[in-house]
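Please treat every number below as a calculation from the coordinates, not as lab data. This one's a predicted model, so the numbers in the text were calculated from it and none came from an experiment. With ideal geometry, Cβ positions are generated from the backbone for all residues, glycine too; neighbour counts draw on all protein chains shown.
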Amino acid sequence: MAKKKRVRYFTFLSDERFKLTFGIFLILFSLYLYLTFISYFFTWKTDQSFEWSRVFSGPELMVDNWGGKFGAFIANKFIHHWFGLASFLLPFILFIGGLRLINIKTFPVGKTIRNCLLGTILLSVALSYLFGDTGGFLGSGPGGSHGYFLSAWISSVLGKTGTAFLLAVLVLAFLLFSFNSALDWLSGLFKSRKKTGDEDKESLTIPGENDTGISPGEDGAETVPVEDESIKFETKDAGTESSTMTSAEYQNANGIEMTVEKGAKGEQVDGDPEAILDNYDPTLDLSNYKLPSLDLLEQHSSANFEVSEEELISNKNRIVETLGNYKIQIDKIKATIGPTVTLYEIIPAPGVRISKIKNLQDDIALSLSALGIRIIAPIPGRGTIGIEVPNRQPEIVSMHSILSSKIFQESKYELPIGLGKTISNETYVIELTKMPHLLMAGATGQGKSVGLNAIIASLLYRKHPAQLKFVMIDPKKVELTLYNQIEKHFLAKLPDMEEPIITDTRDVIRTLNSLSIEMDSRYNLLKKGKVRNIREYNEKFVARKLNPKEGHRYLPYIVIIVDEFADLIMTAGREIETPLARLAQLARAIGIHLVIATQRPSTNIITGSIKANFPVRIAYKVASMIDSRTILDSPGANHLVGRGDMLISTGSEMIRLQCAFIDTPEIDRITSHIASQQSYPSAHLLPEYIEEGAAGLNDFNSSEQDELFEQAARLIVEYQQGSTSLIQRKFSIGYNRAGRIIDQLESAGIVGPYEGSKARQVMIKDLLGLEQFLEGNVQDT
């Protein structure tokens with residue numbers, strides 16, 4: 001009975017109406033406290049004489065404090081008797097807590113409480129030490145009675161000087177543990193001083209000559225002026241007290257000798273005697289870049305998540321009973337509780353056929369009154385039969401729990417992706433470079449977009465902008481817009497594109513062909529570098545074994561995100577599928593990877609060539625077994641429960657996961673954190689691609705006009721909209737032909753040049769002008 005009362009109590013606390021009411025109360029109460037505190041500076045003479053016994057006295061007793069009698073009492077207690085001016089930090093705790101209860105997320109609540117409480121105590125003591133007992137409206141001084149007492153007591157123990165040292169250490173520790181930027185600032189301060197000191201040490205004095213300075217040259221190399229007759233230049237390997245040195249003597253053209261001693265880790269490049277270089281650092285341009293912190297993510301949790309013993313026993317009994325009705329005996333049954341489903345592993349009695357149990361899937365679902373029952377017969381490697389039963393109260397798997405897990409934090413993968421949790425509640429992390437491409441499909445609203453965001457967030461939490469670039473394709477135009485603000489850090493696009501998120505079909509075609517050019521270029525670099533993959537190539541480049549003067553460069557990984565693949569196939573067909581299939585077949589070794597999502601898992605969208613090059617596939621809930629077979633080559637996805645419940649097929653095995661949940665405000669905080677930092681001058685630019693039709697546009701021959709050319713011209717002028725899709729719809733023709741017609745209209749001067757996602761400008765304003773234009777062209781011909 002007592003347990004039920006506790007459950008009801010906690011349920012009441014988790015009620016949204018209670019949270020909203022209590023949150024608004026905390027916000028208003030914190031503002032009320034600030035009002036009383038500010039009033040105290042003007043009404044302190046009467047406030048200081050106000051006691052608790054007089055708060056609830058009759059209305060004939062009046063006070064001057066703006067918060068009334070209660071306000072006068074509270075202000076007097078906090079400012080006069082307790083913490084002085086430091087009291088202004090305390091209502092901020094209530095204000096932040098109230099905002100969080102009404103789902104407005106600003107500062108982390110736990111960190112805010114800690115900082116405000118410690119800051120109040122420390123500031124109170126520091127103010128009392130600095131200003132002492134000033135009397136007047138502050139009573140015992142700006143630190144209040146609490147601060148004055150503690151300051152006096154510490155001073156009696158350590159003396160004034162010792163107290164000053166102690167307070168300085170405590171303030172420094174408070175700043176370092178409360179604000180991450182404080183440590184960066186302090187480290188930068190010491191580094192700059194150290195650098196200045198090192199520069200002073202590097203100046204060499206030559207007997208009989210003036211002092212000669214040595215300053216770092218480009219790429220971190222150290223250069224030595226060669227005006228003097230003899231200079232010996234020694235270098236020690238960074239990070240060690242001494243290194244084994246290899247000496248080499250060089251004679252300049254003017255006869256000056258110089259000895260360069262090279263450390264074991266340094267490498268001489270291009271035979272330059274003055275350059276001794278450490279490993280190349282691709283992150284140097286943005287050396288102060290900070291990865292997003294876990295504080296930006298919410299720890300989503302289901303308040304009522306708990307698979308009770310009663311539920312487990314009830315399900316077990318119903319499974320046993322249902323199988324018993326069909327004369328199927330069970331020797332043993334075991335339950336494994338997961339976030340969304342519970343796996344019941346059964347060992348049937350000898351002689352029971354597995355197919356007999358598999359055929360009872362619908363009967364078991366009926367007896368359990370549950371959707372999403374899935375039977376795995378047998379479970380690979382275990383010798384048991386699995387029955388997956390959805391939990392009554394599924395758990396939300398937060399992205400925070402995945403990225404903070406030990407398996408993700410200690411992962412050595414190049415491109416680790418935290419997808420979610422398995423049935424046994426284990427964090428599931430997969431390596432994108434080993435996939436090497438990923439196909440995601442499922443019905444509308446089952447979690448594909450959240451899954452894409454989880455993939456992107458996993459990579460943003462592990463990679464520096466120099467190491468990774470995204471090409472984002474979003475035909476729906478709304479799913480990936482939040483990533484616009486990280487354009488100059490992580491996005492790649494064509495040189496002539498204005499928007500970093502690609503939404504127009506023609507831009508998609510051009511971008512995929514540009515990526516094919518990039519792929520061929522990278523393969524040529526790998527061939528010249530005598531390596532087989534991007535990892536070996538970058539390691540060699542970082543070790544300065546590849547010369548940039550020969551065209552070599554550091555190669556970032558490129559991940560192509562396509563949010564709605566079906567729309568692209570329907571509008572452009574082979575023009576999309578051909579470069580995409582080529583990238584899927586060849587791009588693995590050079591670090592270009594595809595992540596494709598679609599809500600239409602039909603065979604005309606997910607074709608054989610696509611499936612052949614996407615061995616790793618994710619299926620969310622689909623409507624039919626046929627759709628499940630189209631994605632996974634097996635049934636099962638039609639029995640999922642939705643809301644992030646998914647199956648991932650890696651070729652050799654199929655695993656059921658609950659996808660990690662990341663909400664829009666969390667993505668916004670991550671992208672804002674990245675965008676607030678120093679960036680590159682522009683997005684990463686892909687190779688320029690010129691379409692075949694555009695290449696000969698100026699040489700267009702009117703005799704080669706499409707037979708629909710004049711009709712299309714009249715249509716465009718009538719609607720004043722230079723759109724390929726308009727021609728495609730009105731004349732029921734393919735995208736390729738409509739694109740050629742719009743190119744011919746541009747060549748003829750009827751529409752303007754291509755302007756990205758915008759419709760082309762129509763150069764002729766009415767049909768009369770068009771007829772005159774067409775007649776003039778005929779006469780010229």
Name the long-range amide H neighbours of LYS469: under 5 Å, sequence gap of 5 or more, or other chain; modelled H, no Pro or chain starts.
TYR557, ILE558, VAL559
Could you state the principal axis extents of the C-alpha atoms in the range 62-136, from the largest down, to the nearest angstrom?
43, 36, 12
Less than 14 Å Cβ to Cβ from GLY98, Lys/Arg counted +1 and Asp/Glu -1: what total charge do the surrounding residues give?
+3
Here is the link list: LYS332/LYS356; LYS105/LYS412; LYS290/LYS469; LYS469/LYS530; LYS493/LYS527. Which ones come out longer than 22 Å on Cα distance?
LYS105/LYS412; LYS469/LYS530; LYS493/LYS527
Would you mind computing, in nm to one decimal, how far apart the modelled labels at GLN585 and LYS476 are, each placed 7 Å from Cα along Cα→Cβ?
3.1 nm
Prolate/oblate/rounded label for the range 429-521 (Cα gyration tensor, a/c 1.5):
rounded
Please work out the C-alpha center-to-center distance from the range 394-440 to the range 521-574 and express it in whole Å.
24 Å
Karplus 3J(HN,Hα) series, Hz, for the range 373-389 with 6.51 cos²θ - 1.76 cosθ + 1.60 (x for Gly, Pro)
6, 9, 10, 10, 10, x, 6, x, x, 10, x, 10, 10, x, 10, 8, 10
